[in-house]
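Colleague: Sharing a structure with you now.
The values are calculated or read from the model by the stated rules, or taken from the named source; none is laboratory data. Model, not experiment: these values are computed from the prediction. FYI the Cβ positions are ideal-geometry reconstructions off the backbone, even for glycines, and counts take in every protein chain you see.
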Amino acid sequence: MFSDILSVLQAEHAFETRNTAYAMIQLRSFLTALVATLRDMLPILVTIGAFKVFVLGAMPENPGALILGLVAVLVGLTLFVRGLEMSLFPIGEALVDTMTRRGHPAWLMGFAFALGFGSTAAEPALAAVATKAAEAMVGDPDFPAREAQLTALAAQIRYGVAVGLGLALMLGVWRILRGWPLIWLVLPGYGVIALVTLVSDAPFVAIALDAGTAATSAINIPLMLALGIGLAGVLRSRNPLMDGFGMVVLASLAPMLLLLGAAFLLVPGD
């Protein structure tokens, strides 16, 4: 009886010790990530602070609130990146690895579209660009929009870009499967973009260029890289270094072309 109780107590102590050690490891990891985020933010903070003090010659009106806000941004960015590293990235990499090894090409294409669409629709930078673009459109005399249409316009831009990025990943997967050189897709695509910007001054053109660039960031770029490199690594005739990369440039290019097409069809120039 006594030995059973002692065994239970020892097991509980070992469990608590493991939990404490795990918590300390996670705390040290979080503090390391916090310092890394502060190091990354430091050039921005120094630049803004120097211009504020030495160029504009004015100190912040409410330094306490400013410092509190900076701390909130620092902690928020650190938690955001840590959360991605602990949850979304491992799940995405496991799914990509499974699909590239076992998936039929049709399923692989569907998975690529879903991955691109889902990760882009959740992109905060794209949401910000879409919202600001919708607000600017409402006040633009060349774009007959009303205040009540603002939310719908932002949603159309956001999900239009997400569809474009999903199609880009499908095209990127097909390029790796077929062994096409990346230049075959990139050079004509950017040539069309350059031509459109030369011949059209429609108000939607600049929005298309910014929205396409904002579609790729910390959320979906690692997933796109995992998809391209994983697929090229599975195929014996493909080189992960030569064929696995290029997804990101297609992901920026395709939404631009899609929205530029909308600019010609829906938004007249001057």
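Colleague: Quick check on my filter: what residues within the stretch 176-197 are without any contact (Cβ under 8 Å) to a residue 60 or more places away in the chain and aliphatic (A, V, I, L, M)? Give the steps one after another, and end with the answer.
Modeller: Step one: list which residues in the stretch 176-197 are without any contact (Cβ under 8 Å) to a residue 60 or more places away in the chain, which gives 178, 180-181, 183-184, 187-188, 191, 194-195, 197.
Residues satisfying the conditions are Ile183, Leu187, Ala194, Leu195.
Colleague: Can you run down the residue pairs with Cβ atoms below 9 Å, 6 or more apart or on separate chains, where the first is in the stretch 104-115 and assigned by TED's automatic domain parsing to the domain that holds Pro255 and under 15 Å from Ala168 (Cα atoms) and the partner is aromatic (Phe, Trp, Tyr) and modelled with pLDDT of 85 or more?
Modeller: From residues that are assigned by TED's automatic domain parsing to the domain that holds Pro255 and under 15 Å from Ala168 (Cα atoms), the pairs are Met109/Trp174; Ala112/Trp174.
Colleague: Test each condition in (1) modelled with pLDDT of 80 or more; (2) polar (S, T, N, Q); (3) exposed (fewer than 10 other Cβ atoms within 10 Å of the Cβ) for Thr47 and report the one that comes out false.
Modeller: (3)
Colleague: Looking at the stretch 188-221, which of its residues are modelled with pLDDT under 80 and either under 28 Å from Pro105 (Cα atoms) or touching a Lys or Arg at 6+ places or on another chain (Cβ under 8 Å) (or both)?
Modeller: Matches in the stretch 188-221: Ser217, Ala218, Ile219.
Rundown of residues vs (1) assigned to a helix (DSSP H, G or I); (2) at pLDDT below 75, yes/no style:
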position: His13; (1), (2): yes, yes
position: Ala23; (1), (2): yes, yes
position: Arg28; (1), (2): yes, no
position: Phe51; (1), (2): yes, no
position: Ala58; (1), (2): no, yes
position: Phe80; (1), (2): yes, no
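Colleague: Sticking with this one: Collect the residues in the stretch 29-88 that are in contact with a helix residue (DSSP H, G or I) (Cβ under 6 Å, 6 or more places away or on another chain) and over 30 Å from Leu223 (Cβ atoms), keeping them in residue-number order.
Modeller: The answer is Pro60, and nothing else.
Colleague: How many residues are in contact (Cβ under 8 Å) with a residue 60 or more places away in the chain and either over 11 Å from the mean Cα position of the chain (by Cα) or more than 19 Å from Ala168 (Cβ to Cβ) (or both) if we restrict to the stretch 198-232?
Modeller: 12
Colleague: Restricting attention to the stretch 212-231, report how many residues are more than 17 Å from Ile183 (Cα to Cα) and in a helix (DSSP H, G or I). I'd like the intermediate steps shown before the answer.
Modeller: Initial filter on the stretch 212-231 (more than 17 Å from Ile183 (Cα to Cα)): 212-227, 229-231.
Those still in the list that are in a helix (DSSP H, G or I) too: 212-214, 221-227, 229-231.
Going through the stretch 212-231 one residue at a time, the tally reaches 13.
Colleague: Against the definition (surrounded by 22 or more Cβ atoms within 10 Å (Cβ to Cβ), out of contact with any Lys or Arg (no Cβ under 9 Å at 6 or more places or on another chain), more than 26 Å from Gly83 (Cβ to Cβ) and touching a residue at least 40 places away in the same chain (Cβ under 8 Å)), how does Leu235 come out, yes or no? Give the derivation first.
Modeller: Details: surrounded by 22 or more Cβ atoms within 10 Å (Cβ to Cβ): no; out of contact with any Lys or Arg (no Cβ under 9 Å at 6 or more places or on another chain): yes; more than 26 Å from Gly83 (Cβ to Cβ): yes; touching a residue at least 40 places away in the same chain (Cβ under 8 Å): yes.
Spelling it out, it is not the case that Leu235 is surrounded by 22 or more Cβ atoms within 10 Å (Cβ to Cβ), out of contact with any Lys or Arg (no Cβ under 9 Å at 6 or more places or on another chain), more than 26 Å from Gly83 (Cβ to Cβ) and touching a residue at least 40 places away in the same chain (Cβ under 8 Å).
Colleague: So is Val192 crowded, with 18+ Cβ neighbours inside 10 Å, in a helix (DSSP H, G or I) and of a type in the set (Val, Ile, Thr) or not?
Modeller: Working: crowded, with 18+ Cβ neighbours inside 10 Å: no; in a helix (DSSP H, G or I): yes; of a type in the set (Val, Ile, Thr): yes.
No.
Colleague: Determine, yes or no, whether Trp107 is modelled with pLDDT of 80 or more, out of contact with any Pro (no Cβ under 6 Å at 6 or more places or on another chain), surrounded by fewer than 16 Cβ atoms within 10 Å (Cβ to Cβ) and closer than 24 Å to Ala94 by Cβ. I'd like the intermediate steps shown before the answer.
Modeller: Details: modelled with pLDDT of 80 or more: yes; out of contact with any Pro (no Cβ under 6 Å at 6 or more places or on another chain): yes; surrounded by fewer than 16 Cβ atoms within 10 Å (Cβ to Cβ): yes; closer than 24 Å to Ala94 by Cβ: yes.
Yes.
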